[in-house]
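Before any comments, here is the structure.
Derivation of every value follows stated rules applied to the coordinates shown; laboratory data play no part. As the structure is a prediction and not an experimental result, all values here were calculated from the model. Quick reminder, even Gly has a Cβ in these numbers, built from the backbone with ideal geometry, and neighbours come from all protein chains shown.
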Amino acid sequence: MKKLIVVLLLIPLFMNAQENKFKIKEDAINHFAAGFIVGGGAQMILYQHTGSKFWSFVGGNIAGLSAGILKESIDTNFSKRDLRHTILGSLSATITVRLIIGKSILKKDCTMAQLFEAELYE
């Protein structure tokens, strides 16, 4: 069922990409990736320390937002679009990690090596 939903969500992207209407700038990809790494990493660290699914979710998103604001304040011009991409990356990561936590793969005392091992052998 999950695979079907993913495929249905990706079909419009491929249709637009074939028409050359859907172009993603490399800068947007970099901001999304940075938000994904910061938000997801912060959420996993917070969950391992607190054990709270809710506060680790909120903290991961705040970390991604903070990273985006910090990066944009360092730039010469503040770009709302770049900040939006960073926040979307952070939100995507925290939702993904929340789903992993919901399956109880990630335990409070779980190390990163055990997490990746659990993912590989499922």
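Of note:
- Within-14-Å neighbourhood charge of GLY60 [Cβ basis; K, R +1; D, E -1]: +2
- Simple label model, 7 Å out from Cα along Cβ direction - LYS80 to ILE95, nm: 2.2
- HN-Hα J in Hz across the range 32-47 - Karplus 6.51, -1.76, 1.60, θ = phi - 60°, x for Gly and Pro: 4, 5, 5, x, 4, 5, 5, x, x, x, 5, 5, 5, 5, 5, 5
- Cβ-Cβ distance of PHE54 and ALA33, R₀ of 22 Å, FRET efficiency by 1/(1 + (r/R0)^6): the value works out to about 0.30.
- Other residues whose C-beta falls under 12 angstrom from the C-beta of LEU91 contribute a net charge of +2, scoring Lys and Arg +1 and Asp and Glu -1.
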